[in-house]
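Each remark here refers to the structure printed beneath this line.
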């Protein structure tokens, strides 16, 4: 599933192609994705200028001039593909086709159809079921060592599982949780409530660093993910632990080996020697 850096990359690509433009035609090639499309979905978006495209957690938010907001999620295999003009031949998994007054075509492609598109308005964003209750953005000012310590207070479960809880911090997924825990020297099995003080500061710093590096790299290309331009991210070449089972730990002066275990149904990669 695309995580925060991948969704951020998609948002920036769509922003370059669509800001200031207007949808003139929207074609739904099926009635639903993970959820049915809202009533009057196409009519609500057509003939209104696109004023903002951004990200909240793993959600893409597209705001129109009248305050309408399209909330979309890429699910497991969703992607947006941008073309400079009409598309002669559509793929069978191109489920939504957006066309603009300036001649841009954007196709939403999703083989597994776990993504979705919903509508709301700016005034109701904070109370929307998909967005309400989300934790702070890991790249925002609200995410700090003391803030993380407060959210972890009293938690008995492992820190790796806590990082994947979107109510603790928004947008972190399995890959970047593994990478951040390794960089901060914190064991993925450590009890969440014991991540305090210096440990919490180290973890916040590692989360920011990993996400910022991944965004600069265009995300990590695993399975079906690609940017709207079709370009592939390359942060997977910088993984220190994810997918590196049985390789030497890259930490200086560590003679450990990367191991794999399963936590909450997800693969966790870590070094038992340098992560405590």
request  = Check residue 51 against each of (1) part of a loop (DSSP other than H, G, I, E, B); (2) within 24 Å of the chain's Cα centre (by Cα); (3) without any contact (Cβ under 8 Å) to a residue 40 or more places away in the chain and name the one condition it does not meet.
outcome  = (1)
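Among the listed residues 156, 167, identify the single one that is under 22 Å from the mean Cα position of the chain (by Cα), modelled with pLDDT of 95 or more, assigned to a loop (DSSP other than H, G, I, E, B) and surrounded by fewer than 17 Cβ atoms within 10 Å (Cβ to Cβ).
167
Just the residues that are out of contact with any strand residue (DSSP E or B) (no Cβ under 9 Å at 6 or more places or on another chain) and either more than 24 Å from residue 238 (Cβ to Cβ) or not assigned by TED's automatic domain parsing to the domain that holds residue 163 (or both), please, taken from region 188-210.
If the condition is that a residue be out of contact with any strand residue (DSSP E or B) (no Cβ under 9 Å at 6 or more places or on another chain) and either more than 24 Å from residue 238 (Cβ to Cβ) or not assigned by TED's automatic domain parsing to the domain that holds residue 163 (or both), then 193, 194, 195, 196, 197, 198, 200 are the ones that fit.
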request  = Among the residues of region 238-276, count how many are within 18 Å of residue 159 (Cα to Cα) and assigned to a loop (DSSP other than H, G, I, E, B).
outcome  = 9
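Suppose the filter is in contact with a strand residue (DSSP E or B) (Cβ under 8 Å, 6 or more places away or on another chain) and either over 15 Å from residue 263 (Cα atoms) or loosely packed, with under 14 Cβ neighbours inside 10 Å (or both); does residue 178 pass it?
no
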key: residue 33, sole failed condition from (1) closer than 30 Å to residue 135 by Cβ; (2) at pLDDT 95 or above; (3) touching a helix residue (DSSP H, G or I) at 6+ places or on another chain (Cβ under 7 Å)   = (3)
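Is there a residue in region 101-114 that is closer than 26 Å to residue 163 by Cβ and either assigned by TED's automatic domain parsing to the domain that holds residue 49 or surrounded by 18 or more Cβ atoms within 10 Å (Cβ to Cβ) (or both)?
First pass over region 101-114, keeping only residues closer than 26 Å to residue 163 by Cβ: 112, 114.
Right, trim to either assigned by TED's automatic domain parsing to the domain that holds residue 49 or surrounded by 18 or more Cβ atoms within 10 Å (Cβ to Cβ) (or both) and you get 112, 114.
Within region 101-114, one or more residues are closer than 26 Å to residue 163 by Cβ and either assigned by TED's automatic domain parsing to the domain that holds residue 49 or surrounded by 18 or more Cβ atoms within 10 Å (Cβ to Cβ) (or both).
The values are calculated or read from the model by the stated rules, or taken from the named source; none is laboratory data. The structure displayed is predicted, hence computed values, not measured ones. Note: ideal-geometry Cβ built from the backbone for every residue, glycine included; neighbour counts use all protein chains shown.
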